[in-house]
1. May I ask you to list pairs of residues, at least six apart or on different chains, whose Cβ atoms are under 8 Å apart, with the first in the range 344-370 being within 20 Å of Lys566 (Cα to Cα) and in contact (Cβ under 8 Å) with a residue 60 or more places away in the chain and the second being assigned to a loop (DSSP other than H, G, I, E, B) and of a type in the set (Lys, Arg)?
2. Give the residues of the range 671-686 that are polar (S, T, N, Q) and crowded, with 19+ Cβ neighbours inside 10 Å, sorted by residue number.
3. If the requirement is being farther than 29 Å from Ile557 by Cα, within 24 Å of the chain's Cα centre (by Cα) and not in a loop (DSSP other than H, G, I, E, B), which of these qualifies: Ala416, Ala324?
4. Out of the range 266-296, which residues are over 20 Å from Pro216 (Cα atoms) and surrounded by fewer than 21 Cβ atoms within 10 Å (Cβ to Cβ)?
5. Just to be sure, is Leu338 in a strand (DSSP E or B), touching a residue at least 12 places away in the same chain (Cβ under 8 Å), over 18 Å from Trp604 (Cβ atoms) and not assigned by TED's automatic domain parsing to the domain that holds Thr226?
6. Looking at the range 433-453, is at least one residue modelled with pLDDT under 90, within 20 Å of Asp692 (Cα to Cα), within 21 Å of the chain's Cα centre (by Cα) and not charged (D, E, K, R)?
7. From the list Lys371, Lys352, which residue is out of contact with any Gly (no Cβ under 6 Å at 6 or more places or on another chain), at pLDDT 90 or above and of a type in the set (D, E, K, R)?
8. For residues in the range 35-71 being closer than 24 Å to Met695 by Cβ and modelled with pLDDT of 85 or more, which is surrounded by the most Cβ atoms within 10 Å (Cβ to Cβ)?
Amino acid sequence: MSDFWVGNFRVDVSRAQIIVKDDIISLEPRVLKVLLTLAKHQGEVVTHEALLESVWPNVVVAPNAVQRCIGQLRKALGDDAKQQKMIATHPKIGYSLIAQVQWPEESLVESAVIPEQQANSHWIIKIFLLCLSLLVLAWYFLPSTTTSPPIDRLTPITLTDEKEYYPSFSPDGRYVVYNRYVNLCENQLWAKDLTENREYRLTKTAGYYGAAAWSPDGNQLAFSKTGGCQSSKPIQRCRNISAISFILAKSEPQIPRELLACEQHNYGGLNWLTNNKIAFIDSFARQGKVKTLSLDSSLVTLLYSDESYQPRALSYSPRNKKLAITVHDQKQNISLILFNTENNTIEHLPLKVPDEHNDYLWWDPIWHPLKDTLITSAETSLFEIDMAGSFTEYPITTVADIYNPMYHPDGEKIIAVIGGVDLDIEEYRFQPSPLTKSGSSELSAQLISTIEPSTVEDYQAKYQPGTSNISFISNRSGEQQIWFVDNNQLKQLSHFDRNTRINSYTWSLDGQSLALAVRGELHLLTLDGQANPIPTPFKVIEVYQWVNTQQVLLSIIEKIPSDPLKQQRKVVLLDLNTGEHSDIYQGFSHWAQLNGQSLYYTDWSKTLHLYQDQQNSIVPATSGIRFSPGFIIKDRQLSLFAENQIWLYHLDKLSLTKMNISPSTRPKANLSDIDFDNNRLLFSIYQSTRKDLVMFHR
């Protein structure tokens, strides 16, 4: 038997491949044998014992061998463990293949009843449609020149139920190393041999490892490291520099050796300049500097520093001996510093970020191995950056968000991370107890319900003022939209066009409309689903607050007239009736709320600041705490969330109260809204992440 069909997927058993459209997914032969066994008993429950006997006869295997194969098959077939449309799990019994199976004999029988002329015409139509599909794919994916990224085909690299990040090719291109998470705050370093299709776990113990960098000879891997959530000490911002021998780790997982203790510094962005020297970013005290570490002498040397710029990412090109340093200025304008490591000369390259993405701050471009260009990503697009700072976009709308793209050393393939996050909304009722002597209170919370759960991102849940109704953002319809639970009835409130991105929104005080930041524009959405754009002379990044009946607090970006390549960020108060706006604060803010004439905002490091009378200061009671975005001013209290705890800053007493709460003891949650009148809370709760490594190629 050479092949058969499972749904729309053709299974080539002899080549251990699954083919759908023009994608070919290679799997281990034993994984395909599990699928073949299930297919032979389509619709029936095949027990664990039967699968073990069929696939591994007379062989002792790990207890989870079948489970791992099922996980790989689910990914290859586009199945989901929660929805189970292809393979059904029967707990403690086995599995069944519920998708339709078609064998070659069935196809022959069906074709035999078709007259010859009709059969020929069917084949002509099929060939025509196939050619047309290939032409459409070529037109859609392939740019007009041969120098463009190779993105017309996609092949999965990892097929597990875990999430993988930070892929990096070995210098010879044979191996790819990556981080595989074992829980929310710990991961392991793994490598895959692309020639033998074999994986290696490289680290003996789990930790919070950063992206691994290969030494030029391919013998060592260096990375930043701190303790994970299972560590005896809590996770700290202090990250050291560690390394392992790849040669030894291939034989047996290794315990990383420390190269540079952090001592309250935070090291990241590691790149090997030579087999003995590593470049890295030291972001101590928010004044980032690029330094080098010599392995033989342990000597740390300053390589680049400029008080006007904050380095965020590094990429070294051995071909041109240049270090590309991604930097931000105080107004969050993004540039590249091209540092020549041979003569220490510097080129400053302002990045011409497309307007649609100029609020995006996390650019991390990587050098092309053979050309003077860099590659990066945002949302579902890859971007090439040339030496004029210009971006060329290559949208790939058929996949989920793209992260960490990197070229293969031959320049003909790109590895990247794709995937999404599953967030659910949970509502809790709380009853605070009296304050303790330390100024904290215990908050006992009881789960009321999970609000319309799904397998996609549901977040930014908010109470409609004066009601128990709840709104939230979700992409359950395929695009980000506002959804509304009205008297326990769920409905889609907004109907924006394709490629919607809703950054944030807020309710009007009377609960009759919402103000939304959608793709840089301000929209007013009414309860009947009508969305009306509000013209503004600037790009709207966030809608922070509906301050009164006619004014909203916004985060904006506007061009600097004297230098069109630069922009400035502001917090402004916009009058919805007149269209006039007044500047409240000039500078970057993660989130902000206005209380009278006082502005509370969090900066790049998520520290809470108070800006009033043109004076800026850190709120003393909150020093050292990093708060999540989305804090709220209600009932003369500023409700913030950090480290699974709610903090209430009393605006009259100027004191901070900590409420110890961990919703359902969940390890990762975020406060969405709070209703003091009815003692209710809304949380966005992390459920799972699907992050896979894929290869783009021709």
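The values are calculated or read from the model by the stated rules, or taken from the named source; none is laboratory data. In this text, all values refer to a predicted model and were calculated from it rather than measured experimentally. A quick note on method: Cβ atoms are made from the backbone with ideal geometry, for glycine too, and the neighbour counts reach across all protein chains shown.
1. Sorted first by the residue in the range 344-370, then by its partner, the pairs are Glu356/Arg519.
2. Here is the first cut: in the range 671-686, the residues polar (S, T, N, Q) are 672, 678-679, 684.
Of everything in the range 671-686, those that are polar (S, T, N, Q) and crowded, with 19+ Cβ neighbours inside 10 Å turn out to be Ser672, Ser684.
3. Ala416
4. Of everything in the range 266-296, those that are over 20 Å from Pro216 (Cα atoms) and surrounded by fewer than 21 Cβ atoms within 10 Å (Cβ to Cβ) turn out to be Asn266, Ser283, Phe284, Ala285, Arg286, Gln287, Lys289.
5. Taking the combined requirement at face value, the residue satisfies it.
6. There is no residue in the range 433-453 that is modelled with pLDDT under 90, within 20 Å of Asp692 (Cα to Cα), within 21 Å of the chain's Cα centre (by Cα) and not charged (D, E, K, R).
7. Result of the check over Lys371, Lys352: Lys371.
8. Step one: of the range 35-71, the residues closer than 24 Å to Met695 by Cβ are 35, 68-71.
Remaining after also requiring modelled with pLDDT of 85 or more: 35, 69-70.
On the way: Leu35: 27, Cys69: 22, Ile70: 23.
Selected residue: Leu35.
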